[in-house]
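Presented below is the structure to which this report refers.
Bear in mind that the values in this text are calculations on the coordinates, not laboratory data. What you are looking at is a predicted structure, and each value in this text was computed from that prediction instead of being measured. Quick reminder, even Gly has a Cβ in these numbers, built from the backbone with ideal geometry, and neighbours come from all protein chains shown.
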Amino acid sequence: MKAPIRTIIADDHALFRQGLRLLLELEPEIEVVAEVHRAADLEATVKKVPSDVLLLDLQMERWSLADIEPLSALVRIVVVTASERTEDGLAAIRLGARAVVQKRFASETLMDAIRAAAQDLVWLPPELQRELAKQWRAPEAKTLTGRERDIVRLVGLGLRNPEIAKRLFISEVTVKTHLNNVFHKLALRDRVDLARYAIRMGLAGVHEQDR
């Protein structure tokens, strides 16, 4: 018999979390191994509880898109979101999520996404597939260095200079130098313009929350 897909549910709304658990427990191929209601407990739970898939609510309190990247090295992530913003979904995939499912979708769609993620595949709804295809056809930001692209992506995700410096293991002075170069190369005025550029070029999506 095939082993069940060990699944962690992460959502800060108890009613949704409990309903999702009841739904998944009807599926013989799914085993819910843990629930998480605080973003601060996510990494510890994933490290402690053996699992195949993490169902992650993108709107959890004190949660940011940028947090997907370190978690994706530990478990396959299926983002579950009420957001209709295509840039958020695509940014989640670029940061390591395996699937994006909107909460309005049918349960069969969620199951398809979980199965795909468990097989280390990527699952996207049609509207995100269309947007991704459009971005592949768009010209890339070839004028930027790899480090500059990293910084632009993090600015697009809402991180400030100290957070960027910590994430990239560089000094704040170096971050400022790179940003000045980026502003000059792209003829942009401020961080707002740069964040919009990051979204337009597919380098990031915006889903800012206080951390």
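Roughly how tilted is helix 14-24, in degrees to the nearest 10 and between 0 and 90, from the longest Cα axis of the chain?
That helix lies at roughly 60 degrees to the long axis.
Between F169 and F105, what FRET efficiency follows from the Cβ-Cβ distance if R0 is 35 Å, with the result rounded to 0.05? Display every interim value, and only then the final one.
Values: r = 38 Å, r/R0 = 1.10.
According to the calculation, E is roughly 0.35.
In a Gaussian network model over the chain where Cα atoms closer than 10 Å are linked, find which of T177, T109, T81 has the largest mean-square fluctuation.
Checking each option, the largest mean-square fluctuation is seen for T177.
With axes computed from alpha carbons, what is the tilt in degrees of helix 172-186 against the longest principal axis of the chain, rounded to the nearest 10 within 0 to 90?
70 degrees
Show me, for the range 94-109, the HN-Hα J-couplings you get by feeding each phi into the Karplus relation (A = 6.51, B = -1.76, C = 1.60, θ = phi - 60°), rounded to Hz, glycine and proline as x.
My calculation for the range 94-109 gives 5, 7, x, 5, 9, 7, 10, 10, 7, 5, 7, 6, 6, 4, 4, 5 Hz in order.
How much length would be gained if the chain were fully extended between R147 and L23, taking 0.36 nm per residue of separation minus their Cα-Cα distance, in nm to one decimal?
Between R147 and L23, full extension yields 40.3 nm more.
Where is the GNM fluctuation largest for the chain (alpha-carbon springs, 10 angstrom cutoff): R130, R115, R76?
R130
So what is log10(I(q)/I(0)) for the chain at q = 0.08, 0.12, 0.14, 0.15 1/Å, when the Debye sum runs over its Cα atoms only?
For the requested q values the scattering log ratios are -0.30, -0.64, -0.84, -0.94.
Helix-derived [θ] at 222 nm for the chain: sum -39500 (n - 2.57) over DSSP H runs of at least 4, divide by residue count, nearest 500?
Result for the chain: -14000 deg cm²/dmol, rounded to the nearest 500.
Highest mean first, what order results for 94-100, 32-38 on Cβ atoms within 10 Å?
Top to bottom by mean Cβ count within 10 Å: 94-100, 32-38.
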